[in-house]
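Reading through the structure tokens given below for one structure.
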Amino acid sequence: MFANYMRLRMKHSYFPAFAIAVLLAALQLLPSCANIVPPSGGPRDSLPPVLVRAVPRDSVTNFTGNKIVIEFDEYVTIDNPMENLIVSPYPKNQPQVDGKLRTITVKLRDSLEANTTYAINFGHSIKDVNEGNVARELTYVFSTGDYIDSNFLEGQVQLAETGKLDTTLIAILHRDLNDSAVYKRSPRYYAKLDGQGHFQFTNLPASKFNLFIMPNDYGKKYDDSTKLFAFLDSAIEVSTHTPPVTLYAYNEYKEQPKKPSTNTNTSGNRKKDKNKDEEDKRLKITATSVNGGEQDVLGDMQISFSRPLRSFDSSQFILTDTNYKVLPKQLSVEWADTTATKLTLKYPWQPAQYFKLIINSKAATDSGDVNIHKTDTLEFSTKKENAYGSIKLHFENIDYAKRPMLLIQQNEKTIDSVFITQKQWSVKLFQPGDYDLRILYDTNNDSTWTPGQFWLSETRRQPEIVVPAKPAKINVRANWDNEWDVSPGSPFDSEEPGRKGPGRNPGGLSGAGNGSGLQSGGLRKRPN
């Protein structure tokens, strides 16, 4: 019965199956549709599109048209031309750029100047369709005169205050040599910085220009002294062998952060807790900087209160030993900040000592004449010496005439600084952690970085310069003697000096000797 059923089913299904097979075969014979499907299999295409031809040809002279067609060896697309495209000289209206199949079409929307060389830099905008490979820095050049200008200018930019790079900045050229041109007019030429802080202008006319650095905003004008800005001291005359230049960008004034709203008023009825209200009226110590019962030898103690204080009495903060014997050196008590909710207690702490701090109830008073609700005693010890590392730095290739100052920084904050006046500097106790080393050339000898000033010609000055040191980063390890050779570096250096093992390594880590405790990278563990 089952066999008969199967024969019957196959008999009835034979024709539809045959028809489907014929239909599939016929479809394979039909012409392909317009959809482009990349072939499967094989190695991934990693080659950028290659320019096959351009109409008019590249570097054409006596150009009179308004349309340029560029053909490639594969299907291409144009990506964000408004951001990537740079036309020099800078036009009032950006050209219209379209991509179709293997061609890119540029339609100029400005009238062209006579006897002028134009360059259209496509940046990273032209990509192949399949893999997105970029035809990098493709530039089409033409001239409305009899020849192509071939003068150039190149340089590099670093941030003066940090020694870092900011590749969002642009370099601009003004042919108008009046100082006011930089904030009144858009530039004639501009160039973006690459990933190494370099810029390059090509196909420039033989002329004098003022060179500036600024953010790549819409107007490309220096109309706000909080903007990053850099300038050369004098105009530069370009040629086919113009020497490279270096500029240092700075903010003449810092942009002030907006203050958060202090309006904490809330509407609506709220049931009050009488006990809670009574407790809130008390002035209390809410926190101290003593962490785990240990005070940092290298830092001051901080005490926080539940409300802003009106005044404090330093004589009511009493430091004793463990037997309540008052120590001969008195604490120095100061306001910690402008909130008036914190006090700083200064004392010449030494490692591995034990203390009691008695804070009497009259030690602090809030604005309502309320004292601390009770006398309190804080028991603590200072950290041991092995909680810290030592540092020894050997300075090399230092120009002492520039008044160099070493900056030891963490999270962009200066933790320590010292004028470099000798070949060596050391400190016995230093907080373990990762640090950045930079060198400030403090030319006015005021122990702080000074920005540049452009607007007033009689007081015009370049900013003071900060450069990264070599090594730019160090790691201070607890209970180790940490030793490095330090020299001035540059943000344009391609390689970061590394740890190379024991022994003196110029520009990198140095060995701390040949004793049995020597470790690679200039580290020696202290004996127990």
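Taken together, the values in this text are just the output of simple stated rules run on the coordinates, not laboratory data. These numbers were taken from a predicted model, which means no experiment stands behind them. Positions of Cβ are backbone-derived with ideal geometry, glycine not excepted, and every protein chain shown enters the neighbour counts.
Anisotropy class assigned to segment 144-233 is oblate, per the alpha carbon gyration tensor with a/c at or over the 1.5 cut-off and a/b no larger than b/c.
About its Cα centre, the dipole of segment 37-188 is roughly 380 debye, where the only charges are +1 on Lys and Arg Cβ and -1 on Asp and Glu Cβ. By its C-alpha gyration tensor, with a ≥ b ≥ c as the square roots of the eigenvalues, how is segment 115-176 shaped: rounded for a/c under 1.5, else prolate for a/b larger than b/c, else oblate? In terms of gyration-tensor shape, oblate. Structural size metrics of segment 281-383, computed from C-alpha coordinates, are Rg and Dmax of 13.1, 40 Å.
Compute the distance from the alpha-carbon center of segment 119-158 to that of segment 416-466, in whole Å. Value for the Cα centre distance between the two parts: 39 Å.
Computed from the Kirkwood radius of its Cα pairs, the Stokes-Einstein diffusion coefficient for segment 51-143 at 25 °C and 0.890 mPa s stands at 184 µm²/s. Remark: the SER180-VAL52 segment gains 41.6 nm on full extension, using 0.36 nm per residue and subtracting the alpha carbon distance.
For segment 397-474, compute the orientation-averaged projected area of the C-alpha convex hull (one quarter of its surface), in nm². It is 6.3 nm². In terms of surrounding Cβ atoms within a 10 Å radius of their Cβ, SER88, SER315, SER111, SER390 rank from fewest to most as SER111, SER315, SER390, SER88. Running Debye on segment 279-331 with equal point scatterers at the Cα sites and no solvent, what base-10 log of I(q)/I(0) appears at q = 0.19, 0.32 Å⁻¹? Debye curve over Cα of segment 279-331, log10 I(q)/I(0) at q = 0.19, 0.32 Å⁻¹: -0.91, -1.25. Where does the charge balance sit around GLN410 when Lys and Arg score +1, Asp and Glu -1, over other residues with C-beta under 14 Å from its C-beta? Combined, the nearby Lys, Arg, Asp and Glu give -1.
In a simple Cβ point-charge model (Lys, Arg +1; Asp, Glu -1; nothing else charged), segment 281-383 has a dipole of about 280 debye relative to its Cα centre. Among the lysines of segment 151-249, pairs at least eight places apart or on separate chains and with Cα atoms under 17 Å apart come to 8. The charge dipole of segment 405-483, taken about its Cα centre with unit charges on the Cβ atoms of Lys, Arg (+1), Asp and Glu (-1) only, comes to about 140 debye.
Annotation for segment 305-354: trypsin sites (Lys or Arg not before Pro) lying in DSSP loop with at most 14 further Cβ atoms inside 10 Å of their Cβ are LYS325, LYS329. Each peptide in 287-293, 127-133 receives the mean, over its residues, of other Cβ atoms within 10 Å, and ordering these scores from highest gives 127-133, 287-293.
Packing around the peptides 117-123, 90-96, 189-195, taken as the average count of other Cβ atoms within 10 Å per residue, puts them in this order, highest first: 117-123, 189-195, 90-96.
Dipole orientation for segment 326-369: of the candidates THR365, ALA336, TRP349, TRP349 has the Cα lying most toward the positive pole (charges on Cβ; Lys, Arg +1; Asp, Glu -1).
Per-residue packing, averaged as other Cβ atoms within 10 Å, sorts the ranges 217-229, 153-165, 171-183 into the order 153-165, 171-183, 217-229, beginning with the highest.
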